[in-house]
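Taken together, the values in this text are just the output of simple stated rules run on the coordinates, not laboratory data. Source: prediction; values computed, not measured. No Cβ is skipped: glycine too gets one built from the backbone with ideal geometry, and neighbour counts run over all protein chains shown.
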There are 2 protein chains.
Amino acid sequence: MDKFKVTPWEVEGRIDYNKLIKDFGTKPITQDILRVLEKHGRLHVMLRGGYFFSHRDLDLALDDYEKGKGFFLYTGRAPSGAMHIGHLLPFIITKWFQDVFHANVYVQIPDEEKFLAKRGLSLEEIDKMVETDILHISSLGFDPHRTFIFRDREYIRHMYTPAVKVAKKITYSTARAVFGFTNETNIGIGFYPALQIVPTLFEKKRCLIPAAIDQDPYWRIQRDIAESLGHYKAAAIHSKFLPPLTGPEGKMSSSVQETAIYLDDDPRTVKEKIMKYAFSGGGATIEEHRKRGGNPEVDVAFQWLHMLFEEDDGRMEEIRKDYRSGKLLTGELKMMLIEKLNRFLEKHQKEKRRAEKLVRLYMHDGKLAKRMWEG
Amino acid sequence: MDKFKVTPWEVEGRIDYNKLIKDFGTKPITQDILRVLEKHGRLHVMLRGGYFFSHRDLDLALDDYEKGKGFFLYTGRAPSGAMHIGHLLPFIITKWFQDVFHANVYVQIPDEEKFLAKRGLSLEEIDKMVETDILHISSLGFDPHRTFIFRDREYIRHMYTPAVKVAKKITYSTARAVFGFTNETNIGIGFYPALQIVPTLFEKKRCLIPAAIDQDPYWRIQRDIAESLGHYKAAAIHSKFLPPLTGPEGKMSSSVQETAIYLDDDPRTVKEKIMKYAFSGGGATIEEHRKRGGNPEVDVAFQWLHMLFEEDDGRMEEIRKDYRSGKLLTGELKMMLIEKLNRFLEKHQKEKRRAEKLVRLYMHDGKLAKRMWEG
């Protein structure tokens, strides 16, 4: 049996997502709930391809929308290194939900979390990353008047009072059980969960959180205390971890260059990395591959295409069949991914160069941002 | 042997202050150090009478002053109930130090601490107390351009970043050992020590903290980490606890009416309380008292006069002798205290009515306050 580990600070091993659903007590995103979503807008490939695979109360959020009450969206990014493609995915699905459901989006940039959680990372280093990270996020086309991006250390003036109310309800023993805190945990990271929970209370509506499933412990605590604070339990949709290029285990890491495609990578680098490192489910030789076929389940190029990029479901099924049969070679499959990736990155990098002005709107001058600073 | 307990949240029993000095590893305030202080200004009665009895690095702070570098002062008040006379004493001695050493004073109002530490106290209730508490503090005559009074939940915008740096250096196990935190401690009070330590880092000078000795655990932690943050270890002078009217054990409590003289008490109430409740070291009857004399060591009226009010040391010695011999009766001693107390409160209440304007200077518009908000 494969062993794996999933906490907000560590993801290791080959993850059994069905077991995670059981362990965490969440629900699978079923065809039924996808059909409800589909009534409102064409499903995003990350939903069709199963990258977002689990949820809590997504059905209730959709009910709220249909009843006219609506919901709001919340996600975030803790700067700790150059952003890779995996970091962008929760934002992309959040943008999809904003477009389809006209919802407000809150983006937390916890510019203290990784400083507190990691040895040897200074606040000054984080501050240098923050700006670039916000530019990346601001390149995705969020509605400038319905989106608020905030840094913890700046927006703390509005977060501390609600954080204190949240913190009073979380004991050491709860934090220890949920996050695995030890005697060596510092009191800063001990307090941090309160700050990650606060944005779920920004509106008197249900909050829907798209995030990787390692963040679920925060939402479990939120759901235990939200109602006693006069708020809704947070709803969430959980993504899998984007497998690192080098193999189907763990998650893509900013600190290991060859496992990741960075948002600033140029086309040649992308091509080289995919060709050289992308873990293949194909045969050891072309002859063997033609004879026995490939295994799409472990093939990273296939998985990325399937979960993130191939909009055409029919085409994707063809690729799966051809790869399994051996008709499609690993190299060919990789070229497909390279093309999609580079098209995506080219657009992203272009938008990023134009995003400076948007940052001001998202952080301070847009309608929602203004209201949040005044409130 | 008497048992006693001293933590920032509990003070119980008859306190052996010499043992506290040993247990906490502080130094007694000796005649030698008082002589150094006296070079700069007439000693305050709380120093002469031994109410402030212990210190850390007071000698170094005085050296810094003599070398022209100077030091700054820091104390505070966590609102949780009506202020009594005991609450004012650290501020009175702080004011004395400001006058004598021309030092900046920082006053922290942790308007979240007691909410986090106490069951059944709401932030709304605290907010009501904050204003009155600040008025009381502002009545003492601090220099409006060298004094900054701030509430945690408001000033957090400037405190959170340094607090994060402090918090990273304090582990759960340290907090547990120093403060006695348990599994039931909430993560908010777990983080709070970082915020109480931050003001010790406000200037690149030595910080001198006048406070009751139960606050010393905070300064012990501060002294362990300050130098690694490029700052001085905090200096402190420690007061005893003002004995409650009702007896020489524990400390005066806001929640037990008859143990305390409140800052808003009128002269009649003061007289009644002292006459009725002030624990007497005198004989059970006048005859017995005349014969055997009284015990000034446990007599609350004597102790208050000695530690807080009687400016004339010669007069105080007379009172001690006369009370011990039986010449001075308990009722007479109490009348002396009542007179001093009421004179003090009359002046304080008058100043308080005029303090509104000063509050703005201390909190926002004075020179130091302005610099702290801009910084």
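To the nearest whole number, what is the average tally of beta carbon atoms from other chains within 10 Å of the beta carbons of peptide A:191-203?
Working: counts 11, 4, 1, 4, 1, 0, 0, 0, 0, 0, 0, 0, 0.
Mean shielding by partner chains, rounded to a whole number: 2.
Considering only B:HIS238, B:PRO8, B:TYR155, whose Cα is most displaced toward the positive end of the charge dipole of the stretch B:4-245, charges sitting on Cβ of Lys, Arg (+1) and Asp, Glu (-1)?
Checked the options; the winner is B:HIS238.
Kindly provide the helix-only [θ] at 222 nm of the protein assembly as shown, computed as the sum of -39,500 (n - 2.57) over DSSP H runs of four or more divided by all residues, to the nearest 500 deg cm²/dmol?
-14500 deg cm²/dmol
Could you check the spin-label model distance between B:LYS321 and A:SER228? Points 7 Å from the Cα along Cα→Cβ, value in nm.
Placing both labels 7 Å beyond Cα along the Cβ direction yields 6.3 nm.
Based on DSSP loop calls and a cut-off of at most 16 other Cβ atoms within 10 Å, the longest stretch of chain B free of exposed trypsin sites (Lys or Arg not before Pro) is what?
Longest gap between qualifying sites, sites excluded: B:205-326.
As I understand it, the value is the acute angle between the Cα axis of helix B:313-325 and the longest principal axis of the Cα atoms of chain B; what does it come to in degrees, rounded to 10?
So the inclination is approximately 50 degrees.
How far is helix B:216-225 tilted, in degrees, relative to the longest principal axis of the Cα atoms in chain B, given as a value from 0 to 90 rounded to the nearest 10?
On a 0 to 90 degree scale, this one is about 30.
Against the longest principal axis of chain A, how steep is helix A:267-277, in degrees 0 to 90 to the nearest 10, with axes from Cα atoms?
Compared with the principal axis, the helix lies near 70 degrees.
Based only on Cα atoms, what mean projected area does the convex hull of chain B have, in nm²? Working shown, then result.
Numbers: hull surface 75.2 nm².
In nm², the orientation-averaged hull projection of chain B is 18.8.
Using only atoms on other chains, find how many Cβ atoms lie within 10 Å of each Cβ of peptide B:167-178 and report the average.
On the way: counts 10, 11, 3, 4, 7, 12, 4, 4, 6, 2, 1, 0.
Partner Cβ neighbours, averaged per residue: 5.
Please rank A:ILE213, B:ILE85, fewest neighbouring Cβ atoms within 10 Å first, as an exposure proxy.
B:ILE85, A:ILE213
How large is the dipole of the stretch B:1-111 about the Cα centre if only Lys and Arg carry +1 and Asp and Glu carry -1, each at its Cβ, rounded to the nearest 20 debye? Show your work: numbers first, answer last.
Details: 15 positive and 14 negative charges, 36 e Å.
Using only the charged Cβ atoms, the result is roughly 180 debye.
List the relative contact order of chain B as a percent without decimals, with contacts defined as Cα pairs under 8 Å and 6+ residues apart.
Once divided by the residue count of chain B, the mean separation gives 21 percent.
Quick one: putting +1 on the C-beta of Lys and Arg, -1 on the C-beta of Asp and Glu, what dipole do you get for chain A around its Cα centre, in Debye to the nearest 20? Display every interim value, and only then the final one.
Details: 60 positive and 54 negative charges, 118 e Å.
So the dipole magnitude of chain A works out to roughly 560 debye.
Going 7 Å from Cα along the Cα-Cβ axis for the label, what nanometre distances separate B:MET275 from the same residue across the other copies?
Label-point separations across copies, in nm and ascending: 10.2.
Under 5 Å between amide H atoms, partner at least 5 residues away or on a different chain: which partners does A:GLY70 have, H built in plane at 1.01 Å?
Residues meeting the criterion, in which the H sits 1.01 Å from N, are A:TYR65.
Shortest first and in nm with one decimal, please list how far the A:MET335 label point sits from its counterparts in the other copies (point 7 Å along Cα→Cβ).
Listed shortest first, these distances are 11.1 nm.
Given Cβ point charges of +1 (Lys, Arg) and -1 (Asp, Glu) and nothing else, what value in debye, to the nearest 20, does the dipole of the protein assembly as shown about its Cα centre take?
Dipole about the Cα centre, nearest 20: 360 debye.
How many partner chain Cβ atoms sit within 10 Å of a residue's Cβ in peptide A:149-161, on average, as a whole number?
4
Ordered shortest first, which distances in nm separate the 7 Å Cα→C-beta label point of A:LYS350 from those of the other copies?
In ascending order, 7.9 nm.
Quick one: what are the phi-derived ³J(HN,Hα) couplings along the stretch A:141-147, Karplus 6.51/-1.76/1.60 with θ = phi - 60°, whole Hz, x for glycine and proline?
These are the phi-based 3J(HN,Hα) values: x, 4, 5, x, 9, 10, 10 Hz.
Which residues' amide hydrogens lie under 5 Å from the amide hydrogen of A:THR147, considering only partners 5 or more residues apart or on another chain, with H built in the peptide plane?
A:VAL105, A:LEU368, A:ALA369
Just going by the charge dipole of the stretch A:257-352, with Lys and Arg at +1 and Asp and Glu at -1 on Cβ, which of A:LEU308, A:HIS348, A:GLY294 is farthest out on the positive end?
Positive-most Cα among the choices belongs to A:GLY294.
In cubic angstrom, how much convex hull volume per residue do the alpha carbon atoms of the protein assembly as shown span?
Here the figure is 179 Å³ per residue.
In whole Hz and in residue order, list the ³J(HN,Hα) couplings for the stretch B:174-184 that follow from phi through the Karplus curve 6.51 cos²θ - 1.76 cosθ + 1.60, θ = phi - 60°; x for Gly and Pro.
Result, ordered by residue: 4, 4, 4, 5, 7, 9, x, 4, 10, 4, 8 Hz.
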